[in-house]
Amino acid sequence: MSTLTSTDALSPVVTPQEWAAAAAELRAAEKEHMRAGDALAARRRRMPMVEFGAYEFTGADGPATLLDLFEGRSQLVVYQFMPGPPWCEGCCMFTDQISELAHLHARDTTMVNVSLSSYADLAALRERMGWQMPFYSCAGTDFTTDCADGFGLSVFLRHGDRVFRTYFTNGRGVEAVGTVWSILDRTPLGRQETWEDTPAGRPQTPPYDWWRLHDEY
C-alpha cells in the first residue's frame with residue numbers, strides 16, 4: 001500500500017471561506033464536464049450501425065447464438081474478457097465493479113462477458129468470484145476478431161432477428177463504465193428518460209419513475 005510520506009505532497013490548508021469558493025469553482029467545472037458528457041451520449045445514440053452475423057457461443061445452457069445472448073431484450077452490452085487462466089486482473093476488476101443487473105434489465109438491456117477461454121474455465125472463475133454477470137465462451141469463432149482483439153466493450157441492438165453493433169470502446173474508455181447510468185449512456189436507447197436528447201421514436205419515460213429496489217422490478 002502506498003502512503004503519503006511528506007507534507008509537501010499535501011494540498012494547501014485554507015480558511016472555510018476560501019475552501020467554499022474553491023469548491024464552488026470546481027463544482028461549476030464538474031457541471032460543465034457533465035453537460036459535455038450528456039452531449040457525447042446524445043452523439044452515441046446517433047451513431048450509425050453495422051450488422052453482425054452469426055456466431056455460436058457456449059454458455060450455462062449450452063450452445064447459444066448472438067441473438068440468444070440478448071435474453072429477449074432489445075440491447076446487449078458485451079465485455080470482451082481476456083482469455084485465461086491466468087486471468088487478466090483488469091478484466092476481473094471491471095467485472096467486480098459492475099452494478100446490479102436488474103436495473104439494466106429494467107431498461108431492456110442485457111450485459112454479458114464473452115471470452116476465448118473455455119466455458120468450463122469461465123464458469124469456475126465466475127463461481128469463485130460470485131459474479132452475477134453471465135459468461136459465454138466464443139472459442140472457435142471470429143467474434144473477438146470481428147469486434148477487435150483484446151479487451152473492450154461493445155453494444156448491440158436487436159431489431160427482430162437482425163443484430164447491429166452500435167458502439168465500441170477499449171483502453172481507458174472501459175474504465176469509465178460500471179454504473180447503471182454509464183452503461184446506458186453508451187447504448188442507442190440511452191437511459192430512456194424524457195430529458196435526454198434522443199432521436200424521435202425511441203422509448204422515453206419521466207426521470208426517476210422507473211427506479212426501483214432491485215428486487216421490486
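Residue-wise test of (1) hydroxyl-bearing (Ser, Thr, Tyr); (2) closer than 30 Å to Thr145 by Cα; (3) modelled with pLDDT under 95.
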residue	(1), (2), (3)
Met1	no, no, yes
Val13	no, no, yes
Ala22	no, no, no
Arg35	no, no, no
Val50	no, yes, no
Phe57	no, yes, no
Leu69	no, yes, no
Gly72	no, yes, no
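Residues of the stretch 50-79 being among the hydrophobic types (A, V, I, L, M, F, W, C) and more than 18 Å from the chain's Cα centre (by Cα), which ones? Within the stretch 50-79, Val50, Phe52, Ala54, Phe57, Ala60, Ala64, Leu67 qualify.
With respect to Pro206, determine if the residue is at pLDDT 95 or above and surrounded by fewer than 11 Cβ atoms within 10 Å (Cβ to Cβ). Judged against the criteria, Pro206 is a match. None of Pro85, Pro63 is surrounded by fewer than 19 Cβ atoms within 10 Å (Cβ to Cβ) and assigned to a strand (DSSP E or B) except Pro63. The residue that is nearest to the chain's Cα centre (by Cα), counting only those in the stretch 1-23 that are surrounded by 10 or more Cβ atoms within 10 Å (Cβ to Cβ) and assigned to a helix (DSSP H, G or I), is Ala23. In the set Arg172, Arg162, only one residue is of a type in the set (Lys, Arg) and out of contact with any strand residue (DSSP E or B) (no Cβ under 8 Å at 6 or more places or on another chain); that residue is Arg172. For the stretch 128-184, the set of residues classified as loosely packed, with under 15 Cβ neighbours inside 10 Å, among the β-branched types (Val, Ile, Thr) and farther than 13 Å from Thr95 by Cα consists of Thr145 only. Looking only at the stretch 48-60, residues that are surrounded by 11 or more Cβ atoms within 10 Å (Cβ to Cβ) and either in contact with a Phe, Trp or Tyr (Cβ under 6 Å, 6 or more places away or on another chain) or part of a helix (DSSP H, G or I) (or both) come to 5 in all. Considering every residue within the stretch 37-45, establish whether at least one is touching a strand residue (DSSP E or B) at 6+ places or on another chain (Cβ under 8 Å), within 15 Å of Val155 (Cβ to Cβ), loosely packed, with under 12 Cβ neighbours inside 10 Å and modelled with pLDDT of 95 or more. Checked the stretch 37-45: no residue is touching a strand residue (DSSP E or B) at 6+ places or on another chain (Cβ under 8 Å), within 15 Å of Val155 (Cβ to Cβ), loosely packed, with under 12 Cβ neighbours inside 10 Å and modelled with pLDDT of 95 or more. Scanning the stretch 66-82 for residues that are assigned to a helix (DSSP H, G or I) and without any contact (Cβ under 8 Å) to a residue 40 or more places away in the chain yields a count of 1.
The values are calculated or read from the model by the stated rules, or taken from the named source; none is laboratory data. A quick note: this is a predicted structure, and the numbers were derived from the prediction, not measured. Neighbour counts are summed over all protein chains in view; Cβ atoms, including those assigned to glycine, are modelled from backbone coordinates with ideal geometry.
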